[in-house]
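K.L.:
Could you have a look at this structure, given as structure tokens, before my questions?
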Amino acid sequence: MSTISKDASKGLSEEATTSFLAAYPGYERTTLLDDVRQTEYPYLDGEGHAYLDYTGAGLAAVSQYRSHAERLAEGCFGNPHSANPASIAATDLVEGCRSAVLEYFNADPKEYAAIFTSNATAACRLVGESYPFESDSRFVLTFDNHNSVNGIREYARAGRARTEYVPGSGDELRVDESVLESTLAARSTGLFRGRGGGGSAGGNRVGLFGYPAQSNFSGVRHPLSWIDMAHRHGFDVLLDAAAFVPTNPLDLSAVHPDFVTVSWYKLFGYPTGIGCLIARHEALARLRRPWFSGGTIHAVSVQGDWHVMAGGAAAFEDGTVNFHSIPDVEYGLRWLRGLGVDVIGERVRCLTGWMLGRLATLTHSDGSPMTRIYGPLDTADRGGTVAFNFLDRQGRVVDERLVEREAAASMVSLRTGCFCNPGAGELAFGIGGTLLGGRVSKAVHSIDEYLQALRLPSGGAVRASLGLVSNTADVEQFITFAESTYRDRLVRADGLPPRERC
């Protein structure tokens, strides 16, 4: 019999368990996570909950909450912007966490600074609002990007810079690297006048390149080698690492993006409301903030109408940082380091491969497929995020809102929609630019009107994502739900609630 615990393999026969381990022998090296799930995440099995939304949010260990409560109960912490004892106590914890962040990513403090934000979106906004976009500069980004990166194009537009998207292609929704390089190489006339030296390659910069290390839509991992490629062509690089770092190491001594954005709750569930911008000092020196606030200045005058910005990270941390919760980030990093991100990554790889195989082979009684999967069908260069739609027995897409509602009734947590990644969704659903322009873009006022204008049957996909303490029982519960609910079924979307905006 396998070494998988009974709780972890609940619902699987001994034959199925043996078959799974034969296909994914690396899973047995991750069984410590089964023990951790029982002791630190008891609410999952206690509620019979199959949690498959790790790309939406990680889960927190009981000890993380306990550590927070004990620290606050035993200490006196005040606003860090002072030299009183309570302020110093808070400052020491915040600065210790800042150092821990750089250490976790193997980032040299002489090269990188860690700036605390409210989330990864806020980190993207800091770069967008402060980047010196000009008429002869460019903002290049892939179709596959979270809206927090897409939104930077509005700052580029305000600075009269040109925005250029690099499309994905094929069933796997990957980017053709030769197309990316030709786009980066096609420089604007002249170099823009961003101050400071430029990236690894030195010299002035021609603009900003933004892309995700891992797609939050399809799970595709885009190469980190693109960072050096973009530097060679004169670009600063913003790497969206939010979906990547929960299950993968990011070594900033080996790759050198200029800006890295992270949300900590994606890694370990708690605390929420805290993210990070990890930025190279020389890249920070090129940024020019459009405003100042408490905590970001050395001096300011009302009558003189002048201000002097603080240096480094302090110039980008508006107001008072969340000094009660930032130390929880350091605890979370120690927690992940203790478990081993390589162990977590191996477990997610095994379970993703198994789930993909199960989904891809689901059929109705007549042999017609029950699913349509978007993105890679194997585990090569992909993470634990799987986007798909269920198909009814006549091949029609099952409305994703219906899936979410019925999954919830079976205690399965999924996410549905376009996941704030419209570019990847447009590629997956085969929506061309011609359809999206003109009357459609100007006339629609809701997602339902948008779908009607494009004659689409559904507004998005279903996303199942695996993470830190996922196990075979979670996948089995999900597949059992899918088979029992949608095999040989004809579905209608009558009576469903209004769609939420993406």
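The values are calculated or read from the model by the stated rules, or taken from the named source; none is laboratory data. These numbers come from a predicted model, not from an experiment. All Cβ positions, glycine included, derive from the backbone under ideal geometry; neighbour counts span all protein chains shown.
Every residue, every condition in (1) surrounded by 14 or more Cβ atoms within 10 Å (Cβ to Cβ); (2) among the aliphatic types (A, V, I, L, M); (3) assigned by TED's automatic domain parsing to the domain that holds Ala113, yes or no:
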position	(1), (2), (3)
His281	yes, no, yes
Leu284	yes, yes, yes
Arg289	yes, no, yes
Ser293	no, no, yes
Val300	yes, yes, yes
Ala315	yes, yes, yes
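K.L.:
Determine, yes or no, whether Asp305 is among the charged types (D, E, K, R) and over 23 Å from Asn150 (Cα atoms).
P.N.:
yes
K.L.:
While we're on this one: What number of residues in the range 133-146 are farther than 30 Å from Ile326 by Cα and either in a loop (DSSP other than H, G, I, E, B) or not assigned by TED's automatic domain parsing to the domain that holds Met229 (or both)?
P.N.:
Of the residues in the range 133-146, 7 are farther than 30 Å from Ile326 by Cα and either in a loop (DSSP other than H, G, I, E, B) or not assigned by TED's automatic domain parsing to the domain that holds Met229 (or both).
K.L.:
Against the definition (part of a helix (DSSP H, G or I) and under 18 Å from Leu336 (Cα atoms)), how does Ala100 come out, yes or no?
P.N.:
Yes, satisfied.
K.L.:
Can you run down the residue pairs with Cβ atoms below 7 Å, 6 or more apart or on separate chains, where the first is in the range 373-388 and farther than 15 Å from Phe419 by Cβ and the partner is basic (Lys, Arg)?
P.N.:
Pro376/Arg382; Thr379/Arg349; Asp381/Arg221; Arg382/Arg221
K.L.:
Then there is this: Out of the residues in the range 86-120 that are in the same structural domain as Gly311 (by TED's automatic domain parsing), surrounded by 21 or more Cβ atoms within 10 Å (Cβ to Cβ) and closer than 14 Å to Asn322 by Cα, which is nearest to the chain's Cα centre (by Cα)?
P.N.:
The selected residue is Asn119.
K.L.:
Could you grab me the full set of residues in the range 383-398 that are surrounded by 23 or more Cβ atoms within 10 Å (Cβ to Cβ) and either of a type outside the set (A, V, I, L, M, F, W, C) or not in a strand (DSSP E or B) (or both)?
P.N.:
Scanning the range 383-398 gives Gly383, Gly384, Thr385, Asn389, Val398.
K.L.:
Here's another thing I want to ask about it. Scan the range 72-85 and give yes if some residue there is assigned to a helix (DSSP H, G or I) and under 16 Å from Ile326 (Cβ atoms), otherwise no.
P.N.:
Yes, the range 72-85 contains a residue that is assigned to a helix (DSSP H, G or I) and under 16 Å from Ile326 (Cβ atoms).
K.L.:
Taking the range 346-377 on its own, how many of its residues are assigned to a helix (DSSP H, G or I) and either among the acidic types (Asp, Glu) or crowded, with 19+ Cβ neighbours inside 10 Å (or both)?
P.N.:
12
K.L.:
Take the residues of the range 318-345 that are of a type in the set (A, V, I, L, M) and buried (at least 21 other Cβ atoms within 10 Å of the Cβ): which is modelled with the lowest pLDDT?
P.N.:
Ranking the candidates gives Val321 first.
K.L.:
Being at pLDDT below 95, under 25 Å from Gly219 (Cα atoms), surrounded by fewer than 22 Cβ atoms within 10 Å (Cβ to Cβ) and in contact with a helix residue (DSSP H, G or I) (Cβ under 8 Å, 6 or more places away or on another chain), is that true of even one residue in the range 121-134?
P.N.:
Scanning the range 121-134 turns up no residue that is at pLDDT below 95, under 25 Å from Gly219 (Cα atoms), surrounded by fewer than 22 Cβ atoms within 10 Å (Cβ to Cβ) and in contact with a helix residue (DSSP H, G or I) (Cβ under 8 Å, 6 or more places away or on another chain).
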